[in-house]
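Here, each number is a calculation from the coordinates, and none is a lab measurement. Remember, predicted model here, so these are calculated numbers, not experimental data. Backbone-built Cβ (ideal geometry, glycine too); neighbour counts: all protein chains shown.
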């Protein structure tokens, strides 16, 4: 970004709530069903039907609002947001407008300059629209489109941030932290690949140091955190390029084209009056008593920031290690389960952040789906501590555990990976290595320590990596002195 300009970014995040049924009808919210099978007269908007509010939607919304430090409204209502689009069978969406569920929250994020508070303007409940499936490319559709109404009526929260972010990196940090909070509170599974967390970004640029807001655009069609970061970086540079070329930015909705790495215009940006909001006549306003809020607050789990602090205080983990572990509730739960049986927190953290996470990514798994349980990982670490296998062998064993689902001891036995820690077994091999390498042996005797590393490597090679390295070092020195 040019040093003469700064970005102003606000995010609108739509989160699918973790309910079994839709917000105003009993249809299933299960993902992946055949098209148009989870529908009924209510979510299809047929004449003569009435919506009935799902209480769990409000419970989950309250949980999110409190976890995000919001002020919950004692009185809120639903409104009709009117627009015409093929994926909206009623030609209006039930949402909230002037009296939303919650206001004035915030989220703390970590940036390269330290902690930063990003304000949350509002959180409101609404129903989702259906899904259009275009023949041809998404941004260059062909002759027809298909519509699946299974998603119509699925409960959503819209979480609208203040325009407090000034870089694509801060926007990504906000999304990652928001995702963690929503997963910790069990509000949503936040699976972007299934559409249960979707993000639109409002972005503008202005002269560095200015407080005036310049014309913004809205960027859509971003299906991963990486896409959000890339799309914002491109759009910021596009807007700066326009201003520096003497042109103006037009307020419009842009789509992110992932394949080509560019934003492209979709339509002019709508204003609130374009939707002709009015109160939903078929739903009564919602009063939220203080006792209800108190019950929800009482049952909130330990949130990411509190858990990070606990891991640093109780286990001495660095801020970085604790941050990586607690970014995912699943990974933090896995860590706690391991440490309960194996109180070597730093060792556990190193395994989880290293080979364990690498294998999860390789198999596209969440920690809770790992074929290696916390007890089985602990068994592997104990085997290394007791010298039954080396740390290097441990990595190989873990890979085999992931691939086969077998326990560490079974993999070691079947593959013949047990570490050789018997001095009498190693001495003949060491004598052979010494006899075969007179040059390095003489170098070591002349005080060149690097020669010892070479000789250790030759012994490890001869034993296929199974010799105990510490014992090999000791026996080599003994034999050459």
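See the values below:
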read-out: Computed log₁₀ I(q)/I(0) - Debye formula, equal Cα scatterers, no solvent, the range 423-480, q 0.27 Å⁻¹; value: -1.16
read-out: Nitroxide proxy distance, nm - points 7 Å out along Cα→Cβ at residue 480 and residue 40; value: 7.9 nm
read-out: Extended-chain gain in nm, criterion 0.36 nm per residue less alpha-carbon gap, residue 71 and residue 435; value: 123.2 nm
read-out: Helix-derived mean residue ellipticity, 222 nm - over the chain, DSSP H n ≥ 4, -39500 (n - 2.57), to 500; value: -12000 deg cm²/dmol
read-out: Rg/Rg_ref, the range 184-285, where Rg_ref = 2.2 N^0.38 Å and atoms are Cα; value: 1.33
read-out: Fewest-first sequence of 307, 206 by Cβ atoms within 10 Å of each Cβ; value: 206, 307
read-out: Approximate spin-label separation residue 186-residue 111, in nm, with each point projected 7 Å along Cα-to-Cβ; value: 3.5 nm
read-out: Label point distance in nm, residue 12-residue 327, each placed 7 Å from Cα along Cα→Cβ; value: 2.8 nm
read-out: Nearest-0.05 FRET efficiency for residue 28 and residue 247, computed from C-beta distance (R0 35 Å); value: 0.10
read-out: Ranked list, fewest to most other Cβ atoms within 10 Å of each Cβ, for 351, 214; value: 214, 351
read-out: Against the rule of thumb 2.2 N^0.38 Å, how large the Cα Rg of the range 5-294 comes out; value: 1.01
read-out: Extension gain (nm, one decimal) between residue 318 and residue 442, 0.36 nm per residue minus Cα-Cα; value: 40.2 nm
read-out: Rule-of-thumb Rg ratio for the range 362-481 [Cα; 2.2 N^0.38 Å; N residues]; value: 1.29
read-out: Residue-span extension gain [residue 470 to residue 291] - 0.36 nm each, minus C-alpha spacing; value: 58.1 nm
read-out: Folded to 0 to 90 degrees: helix 391-404 orientation relative to the chain principal axis, Cα; value: 50 degrees
read-out: Relative contact order (percent, whole number), the chain, Cα cutoff 8 Å, 6+ residue spacing; value: 14 percent
read-out: Two-site FRET efficiency, residue 99 against residue 344, from Cβ-Cβ distance with R₀ of 30 Å, rounded to 0.05; value: 0.05
read-out: Shape of the range 29-152, Cα gyration tensor, a/c cut at 1.5; value: oblate
